[in-house]
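First up is the structure itself, then whatever we jot down about it.
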Amino acid sequence: MISHKTPAHLKSEILEAIAHPNRVRILEHLGKEILCNCELAPALSLEQSNLSRHLKILVQAGVIVSWKEGLRVNFKIADERVLKILDLAQAVAKRSIETKAGVLEEG
């Protein structure tokens, strides 16, 4: 089925999916290696139900993919470029903080 969503809508869906601190942390962990939910929960200090909700959002948006191996459900980043989005967000946040600090010093 062909999507009738605009490019702006599609971009906003991706950004919405990653726009939560816990989902950013999940992606940072998955940027290093493939992990199962049983490994992510303790690494992030999240309850399994909370982690599952965040993972579902990321999977539905196509940001990560999952597959079963026996009892394990593994997760990995679907497209490594999502890590570039996180790097860019960090750079913008850093610059914003520096700019605000400069304004406070001047004021």
Just flag the GluC sites (Glu not before Pro) in region 1-81 sitting in loop per DSSP whose Cβ has no more than 10 other Cβ atoms within 10 Å. 33, 47, 80
For the residue pair residue 93 and residue 49, what label-to-label distance in nm results when each label sits 7 Å from Cα along the Cα-to-beta-carbon direction? 2.8
What list do you get for 23, 81 if you sort them by fewest beta carbons within 10 Å? 81, 23
Amide H to amide H, which residues 5 or more places from residue 73 or on other chains are under 5 Å from it, using H placed in the peptide plane? 37, 38
Karplus-derived HN-Hα couplings along region 73-83 (A = 6.51, B = -1.76, C = 1.60, θ = phi - 60°), whole Hz, x at Gly and Pro: 10, 9, 9, 8, 6, 6, 9, 4, 5, 4, 5
Among all lysine pairs in the chain that are eight or more places apart or on different chains, how many have alpha carbons less than 23 angstrom apart? 16
Out of residues 5 or more away from residue 64 or on other chains, whose amide H comes under 5 Å of its own, with H placed 1.01 Å from N in the peptide plane? 59, 78
Pairs of alpha-carbon atoms within less than 8 angstrom and 6+ residues apart define the contacts here; what relative contact order does region 15-106 have, in percent? 28
Give me Rg over Rh for region 15-106, both radii from the alpha carbons and Rh done the Kirkwood way, two decimal places. 1.09
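Every number in this text was worked out from the coordinates using simple rules, so none of it is lab data. Every value quoted in this text rests on a predicted model; they were computed, and no experiment measured them. For neighbour counting, all protein chains shown are included, and Cβ atoms are generated from backbone atoms with ideal geometry for every residue, glycine included.
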